[in-house]
1. How much of the DSSP bridge set in the chain is antiparallel, in percent, rounded to the nearest 5?
2. Using the number of other C-beta atoms within 10 angstrom as an exposure proxy, rank THR806, THR963, THR447 with the fewest first.
3. Which far-off residues, 5 or more places away or on another chain, put their amide H under 5 Å from the one on ARG632, with H placed in the peptide plane?
4. Please report MET880, MET235 as a ranked list, fewest other C-beta atoms within 10 angstrom at the top and most at the bottom.
5. With a cap of 11 neighbouring Cβ atoms within 10 Å, and only residues DSSP puts in a loop, list the chymotrypsin sites (Phe, Trp or Tyr not before Pro) found in segment 75-138.
6. Roughly what % antiparallel, to the nearest 5, for the DSSP beta bridges in segment 502-660?
7. Can you pull out the trypsin sites (Lys or Arg not before Pro) in segment 798-888 that DSSP calls coil and that have at most 15 other Cβ atoms within 10 Å?
8. Using the Cα gyration tensor of the chain, with a ≥ b ≥ c the square roots of its eigenvalues, what is the shape: rounded (a/c below 1.5), prolate (a/b larger than b/c) or oblate (neither)?
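Only the coordinates and a few stated rules stand behind these numbers; no lab work does. Everything numeric in this text was worked out from a predicted model, so none of it was measured. Please note: Cβ atoms are built from the backbone with ideal geometry, for glycine as well, and neighbour counts cover all protein chains shown.
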Amino acid sequence: MNIKKLLKKTINRISTIGLTSRETKSIHHADKISFIIVGEDQSLIDTTINSIRRSEISGHFSEHTIATADQVAHPVTPYVKVISAGDIVGEPFLTEFYQNVNFSTADDIILHAYSPESTVFRMDPVLANIKSINKNQHLVIKEYALPCLDNCIIKSVLIPRNLANPENKGWTNSIVFALEALTRSTSQQGYQFLSNAYVGSISGERFETHIQQLVKSGSTLLNLLDCIDINIKHMQKDAYKLKSVLFLIHQIVIVLLKNKKSDEILTAEEKDIAQKLLMNISRNIGHDIIKSFSSPNYNHIHKIGYSKIMGSHVERDICYLEEGDNEHTSLKFKIASHSNTYPRCFIDSNEVIPTNAKIKKLTLLGLEFSYEIYLWVSFENQEQKISFTNTYQTELFIAGKRLKSECYGKLVTLLTSKNALKEKLPAKAKILRYLATSILFTRKFETCWLFVDNDLRADDNAEHFYRYVKQNQSSVNAWFLLNKSSPDWGRLKNEGFRLIEFGSLQHRLALLNAKFLLSSHANPAITNYLPRKHYCDIMKFKFVFLQHGVTKDDQSEWLNSRKIDYLVTAGTPEFKDIANEGRYRYTSKETVLTGFPRYDNLKKTDTDKQILVMPTWRKSLSGELMAKSSKRVKNPNFLTSLFCQQWGGFLQSTRLKKMAEKNGYKILFLAHPNLVDYLEELAIPDYIEIERMENCSIQQVFKQSDVLITDYSSVAFDVAYMRKPILYFHFDIDTFFSEHSYSKGYYDYKNNGFGAIASNISTLQSNLNDLLKKNCQLDDFYTQRINQFFPYDDNNNSARLYETLTTLRIGSRSFDLIHHYLKIQLASFDLVAAEKSLVELTKSDIDLLPVERVELTRAVNEMIFWAKLQNRHVLLAKLMAHAEMFNLPIIGTDNSAHENNDINPLFRIVNIAVALTEGVLSHSSGLDSLSEALSDEDYLLPQTRTACEIVIHSGKNNVYLATTLLAKVKSNALFKQATLLQMLDSINLLKLGNFSEALIHLKKATLSDTQKDNLLRLMLEYHANENIRAFDLKFLHGNQLSPRATEAYLLLNNETVPSQLSKFFVTGNKNDTLLNEHLSMLFEGKKYPRFVEAFENYPISKIHIQNESNLTKYLVAIFLTRGITELKTKISRLYPKESYINAFDAQFLNRSEVNLDILYQMIEQSIDKQVYTYTCSEVYRYSLHFYKKNRPGLARKIATISVMKKHEDYYSDKNNWHQDSDYRTLIDAVKELNNVVQELNRIGS
C-alpha cells in the first residue's frame, strides 16, 4: 500500500481535531509547514497529533495543517513533513524550524534530527555519520543527506502526484519518496540541518534495523536498487545529490557486508540483477566522488570495494592500527587491501613475518568487494619502525595522517591516548574509581580472574574452568559472578566457590582490578557492564570468551562487534573458520584451540537407555514483543507451523512408542526455553518425559542418554564428543537459515554431520530403529568424522586453556602463515628472504603434517631450483641444510642424471640447462615427457614454468621460441639473476646468428673453461663470413681449448696474429676457412715469403690448391719472392695443357688479389727477360686493361717497353744492318724510336 492510499484512510481517522477531506483550514501567518501523518492505527495517529500540538504550544504557534491525500496533490504550505503514525514530534521542532529557516532563500530539502526512541532524544547513529561542512551555533550545513522522509522536511512542490511504487512498502516507501524529491530538487550546496528539531520513533528501531529488514527481502531490495538506478541518471552529475545517493547505498552495503544473509535469500537471477544495478549506480556516482567521499563509517575498504564494482581501483592500500598487546610488545594492524595477499612487513628495513595473520574476504552479493588483512607484529624496542609493501602501495593511516612508516613507541602512545578519559566524570564514577584503586580492594581483587557463565545460570564452561583453576592453580585469585536468585547459587556456595553477586559493588570493584574476565557468553551485559568511557584508563582486563557451544554457523556479524582477547574453540574446522578462513576479524592469536573446559567432564559412563530429543528454536515462531517488555505474546499460528506439525507428529507417532518399548528405551524431551510456552500445542504423549533446561544439569542428561535426536542445535557437538550417535531431523532445511538471524557457516550436515539426516518423519523413524537395533553403537564412519573434528579427547582442555592464558607466546607462527610468506617471497623471487622464513619455521618448532611436508618440499625444491639457475652457491648450501633438517626429499642434485626420468622434474630441468651450457647434452629425448610431467605440477609459480619452458625449447633447439619467451621476462630481476638462463639465451642468440648481442651478455658472465669451449664451438658452427675476425674474444680464451674451439677463436677473434695461426697449422690442424684467413692475413701483411712457405709446407687439403683466390695470391707471392722465371715455371706446372699467356691472363687479369703495379711488373719482366714474346694484339690487350683500370701511364709504359723491346730485338740482329757503318739504318732506327715515343706521348696526352 502506498502513501497516497494510506493518507486517504487517515482522513477518516483524524476527525478528533475537526478535519475532513472537504474542510479547509485557514493558514495563519506562521503556517509554513504542514504535516502528513501516515498510518492506520487511530491511537498512534492521535499520539503524533498530540506531539505536534505540544510543539505548537511550546513555541506559541497557531495550529498547523494536518495534510490529507487531497492536500498532497494540492499543497497549501511551502513545506511538508511526512511522519509515521505514532512517531513523536519533539517540542522544539517548530521553534527550531521557524527560527532557523530563511523562507526566501531556503533549500528544497531541509534535514532534521531523528531519534530511534520517542522518550529520550538520541541521534540515530546513521544520521550521526553525515558529514558537516559548516557548523556554528546558528547554522549547520551537511554535505549530503540520507534520502528518507523520517529525517527530511520537503518543499510541497516536490511531492509527486503519483506517489511511490506500491510494491515498496513501509520504510522503503519513505526512501523512494525522498529519493524522487531529491532528484527533482534544485541544486543545493549542502543541506541545512536542524539539530534541535527532532522526531522520535515509537518503534524503537534504528535506521540500521530498517535496512536489515529491507535486505532480507529480495524483491524489496531489487525494487529499491532499481529506483535508485533510475533516479541517479537524472541527477546530472550534481555532486551533492550523488553523495546523498552514495550515503544511502553505503548504509545498505554496510549491512550486506556484515551479514551474508542476502546472498542466501536472493536467487541466482535476483543476485545477477542486483549486481548489475550496483555496477550501474557506482559508475553513475563516479570514481571522483567515491574517492573523495567522507563519513565516519566510510573508509578505505569501501573506496576499494566501490571502485572494484565499477571496474576501477584506488591508488593504494591503507593500514590502520587496531590494538596492542603490551605484554607481548606487539601490535595488531588492519589493512584495507585490493588483493588477498599478505603484505611484506619490514622493521627497520629488515623483513619480518607477522606472528599471526589472516585475510578476510569481503563480498557483496557474490561480487568481490575488498579484503581486510589482519596482522600481529612483534617489536623489540620503542624505536623500531614498521612499514609494509604489497602489490599496491601500502601506507599507514595514523592520527589522520598517511605515513610510509612509524615507530613502535609512537604507535603505543597513540593507543594509550585512545584509552584516556575524554569527558567529565560523574560523581558515581569518581567514587567507584577511588574505591577500586584503594589498597583495600586492590589487595582483594588485584589481577583477579573473574568467571561468569550467565548472570542467572552456571553449569557451563566458566563453572568448569573455575573449578579446575581452584583445584589445580591455587595462586590464581579467582572469583565467580552469579545472581543470588540463580538456582545454582546454593550449589556452588556449598562447593566452596568464591561467589560475587552479579551487579553488586563487589562485581564492579573486581571488574576494575581483573586480569581476565572469562565467560561462556559475550553479551554486553557481561562484557560492557561498566561504561568504558568512565574507566578505560584503569579497566584493563582481557576478555576470554569460553563460548556456550561450538560455532558451526556464520556468527561473524555478532562476534565481530565484540572485543575478544581469547576466543576458545573446540574443533579444528571451527578454529580454522574463525582464525583463518571465515568472515571473522580474529586471528590465530585471539583464537585458541584448547577444547571446552566443560568437555573435561563429558566422560562416557553407563547410560539409562534413554533417547534424548532436543529441537532448537526458530526465531520466526516468536510472538510479538509486549509493550515496554522483553517478553513476547504467544504466537497464535504456532499450532499450524511446520515445526509443530513435524516435531509433534514424530513425538505423537505410535511407531516411536513401539520402538522405544520393544528395545527398552525411555524418551526424554528437553525443551528449549522459548518452547516451554508451546508444550501444550505439541501434545507430547505422557510416556515421554518432559524436562526444562533450567531445572536440570544438561551435562548429566547427556551422560544418561544413548542417542540424541535434534535438528540444528549445537548440543550435538557435546554428545558427539562423547562418541554417542546423533540423528538429525531437517524437515525445513530449505528455509531454516534464511529465516534465522545467522547464516550458514563452514559446517555442512551432509558432508560433516555426525549422524544420519532425515527430512521427514518416516525416515527419522527408520534411522532411529536402525540405531536401536545396534544398541546405539556409533558407526565407524561417523566416529572418523568426530575424530577429525575434535583434535583433543584427553579431558585436559582446562589445563590446555590455563597454559595458553599464562604462557608468554612469542613468535608462535603457524605453518600456514610461514608457508604463505614463503610463497610471497618466492613469487617475488626474494630467495634470501625466503631462506629467512625457513629459519623462522625452524624456530617455531612445528611438527609438520604430511600435507604440510609436501607443500614445504615443493617450496624448497623451487627455491633450490632458482638458486641453481642463479649459481648462488652459499644460498644453495643453506637451502640444502634446511632440507636436511626437515628431512625433505630433495632429490636429483646429480647433474649427470639429467636423462633420468624418475627424478624431480625441476632438477631434470636444471641438469638439462647445465648440460646445454657445457655442450654435453647428448640428445633431446625425454623432453616431451618432461613437459607432461611439469604440467602436472600445478603448484609451480608462473615464472618457474616459464624458466622450464625456456630450457625445454632450448633442449629441443627451438631457439626462436626460447629467446622470445625470455625476451618477455628479461626485465624481471629474477631472470636477470638466473645466470644459467642468461647463458642459454646467449647460446640461442648465437644459434640465431646474433653474435653481437650474445657476446655483450657473455662478457658479463663468469664462465668455466668448459662453457667457454662450448661457446666457441657453437660460434664456429653458426658463424657467417661477416663474423670472421669481427669480435673481441679474449674473454673466451681458455688454457685447454679443444681444436674446434681454438679454430673458432683464431677465426673470429679480431686480434688474431699470424704467429698464432702458424703454430696452429704446423701441428697438423686443418681448417679450410681458418687457413684462408691465415693466408689472407699473410698476403695482406705483405709477408710473401711466409705466405709461400705456408702454402707449400702446411699439411693442407687439395681444396686450397684449387682455390683460385689463394692460388693467385700464391703465384703473386712466388713472383715477388722468386721472380718471373719461377712464376712461369709454376704456371706451366699448374696448367700444363694451357699456353702460358692464357694461363697468365686467367690467373691475373681482373683479379682483386693482383695489384696493377705488380701485374705491370710481371709483364715488364716477362718482356724484359724474354720469358714470353708478346704479339702486338696481346700488348694492346694489356694496355687496354690498364686504361680500363684508369691507369693510362701503365698502359703507355707497357706499350712503350713492348715496342722498344721489339725495336731492340730487330736492330740488335746484325743481319738487319748492311754494314758496320750503316748510318742510314742507324738514323732510321733512332727516328723510328723517337716517333714511337712521340706517338705514345701524344696518345697519353
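1. Roughly 45 percent of the DSSP beta bridges within the chain come out antiparallel.
2. THR806, THR447, THR963
3. MET626
4. If I rank by nearby Cβ atoms, fewest first, I get MET880, MET235.
5. Working: sites: TYR79, PHE93, PHE97, TYR98, PHE103, TYR114, PHE121; in loops: PHE103, PHE121.
Answer by residue number: PHE103.
6. Details: 1 of 10 bridges.
For segment 502-660, the DSSP antiparallel bridge percentage is about 10.
7. Passing sites in segment 798-888 are ARG809.
8. Numbers: a/c = 3.45, a/b = 2.22, b/c = 1.56.
In terms of gyration-tensor shape, prolate.
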